[in-house]
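The values are calculated or read from the model by the stated rules, or taken from the named source; none is laboratory data. Since the structure is predicted, the reported quantities are computational estimates derived from the model, not experimental observations. Cβ atoms come from the backbone with ideal geometry, glycine included; neighbour counts cover every protein chain shown.
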């Protein structure tokens, strides 16, 4: 508190004091402003009286004035607020913790790949006469794709057949000569040397016929190359060669590419820490379920089965490769597309499950608010196993059947009294107690 601003007006500037006069005002000492000045006795008495009245008034004002009343009122208000806070009932929404089977799942990114992709090429040099497929067409194995000009090959086949007939005739003659020589040898009318010569001619004729048959078979095989058929079932890509174009054996681009679309696979990787669970899932009697999603979607495109686990961990990335197999009957999956992959590695039975929104974060980790029998809340730390969708699996902290708060946590502290409403249709304990008490009162009244 500072000196009063109207004190100098009470004194005349011509007044002089022989020494400093010390006054006590509001807990402070104030030195006289008029050192070395002299006062007459009547005026000196009046000044002292006025200053004394002022000091007395100030002391009484501070002791009994409105500030004291305000302080007392503030204290009473704080006490009232504290009492009101302790007796306030917070409305909350609760649900019961339940035992359920919790699927241990992993989610990662994968790429769809085809088990077989074939580049169709010509095996002979010829000209494309006909095209039997269109871009993007789904074909079966053995379907005709292209027809090439085969006239030259047919001419070769005719020549081969003629040569084979000629050599067959020579073989027949050699066989007949051999028979006659054998008869003469039996009658001892021909030298043995003639028999040997006839035998050699006969065997040579036989080999010539076999060589002709091989040449004919090769040309007939080439004739089959003039009709290009689908080696696998799948979807045809862009047609690169149209009728009228020449094709050759060394053409690197080929005529068309066929990609197998069903069944199809997804390739993905998991962290090394999941290797044990992944290996168990691959060795289980029923294959682990693998689902694929469009990025950002919660609806799976298709569900398949774990088909392959790599034999080693990639040391550079610390991951292991795996693949899932899908029937892809609806052709939703296309080779080369990126997808979100979800795999069920294991199932943990009889696990305490609660809504994920009940989980709160604190300095000591995750916690939930649990309703006690006296309708007060307890802040309890929990240990999480994992979260699946909107459900959280707990390893410890909450027991089956306990009620946890899923809405209204921001206004709670440990020990707060609540009024709950349940999300699972069950009657809260507090409401049951009230109903019982009302029923008892009704019976007593009757």
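Here residue 279 meets the list (1) in contact with a strand residue (DSSP E or B) (Cβ under 9 Å, 6 or more places away or on another chain); (2) outside any helix (DSSP H, G or I) almost entirely, failing just condition (2). Scanning for something in contact with a strand residue (DSSP E or B) (Cβ under 7 Å, 6 or more places away or on another chain), crowded, with 18+ Cβ neighbours inside 10 Å and in a loop (DSSP other than H, G, I, E, B), does the stretch 301-318 turn up at least one residue? No, the conditions are met nowhere in the stretch 301-318.
Can you say whether residue 95 is assigned by TED's automatic domain parsing to the domain that holds residue 398 and either more than 18 Å from residue 227 (Cβ to Cβ) or in contact (Cβ under 8 Å) with a residue 40 or more places away in the chain (or both), as far as the supplied structure shows? Yes, satisfied. Just to be sure before I move on: is residue 208 outside any loop (DSSP other than H, G, I, E, B), in contact with a strand residue (DSSP E or B) (Cβ under 6 Å, 6 or more places away or on another chain), over 30 Å from residue 327 (Cβ atoms) and in contact (Cβ under 8 Å) with a residue 40 or more places away in the chain in the structure I sent? Against the criterion (outside any loop (DSSP other than H, G, I, E, B), in contact with a strand residue (DSSP E or B) (Cβ under 6 Å, 6 or more places away or on another chain), over 30 Å from residue 327 (Cβ atoms) and in contact (Cβ under 8 Å) with a residue 40 or more places away in the chain), residue 208 does not qualify. Assess whether residue 189 counts as being outside any helix (DSSP H, G or I), free of Cβ contacts under 8 Å to residues at least 12 places away in the same chain and surrounded by fewer than 15 Cβ atoms within 10 Å (Cβ to Cβ). Yes, satisfied. Among the residues making up the stretch 224-241, those that are in a loop (DSSP other than H, G, I, E, B), more than 12 Å from residue 254 (Cα to Cα) and within 44 Å of the chain's Cα centre (by Cα) are 230, 231, 232, 233. One residue alone among 221, 278 is at pLDDT 90 or above and surrounded by 15 or more Cβ atoms within 10 Å (Cβ to Cβ), and that residue is 278. Of the residues in the stretch 349-375, how many are surrounded by 14 or more Cβ atoms within 10 Å (Cβ to Cβ) and either part of a strand (DSSP E or B) or under 22 Å from the mean Cα position of the chain (by Cα) (or both)? The qualifying residues number 15.
Please work out if residue 254 is modelled with pLDDT of 90 or more, under 30 Å from residue 231 (Cβ atoms) and surrounded by fewer than 11 Cβ atoms within 10 Å (Cβ to Cβ). So residue 254 fails the test. Residues to consider are 295, 231; find the one that is farther than 18 Å from residue 108 by Cβ, surrounded by fewer than 18 Cβ atoms within 10 Å (Cβ to Cβ) and touching a strand residue (DSSP E or B) at 6+ places or on another chain (Cβ under 8 Å). That would be 231, the only listed residue that is farther than 18 Å from residue 108 by Cβ, surrounded by fewer than 18 Cβ atoms within 10 Å (Cβ to Cβ) and touching a strand residue (DSSP E or B) at 6+ places or on another chain (Cβ under 8 Å).
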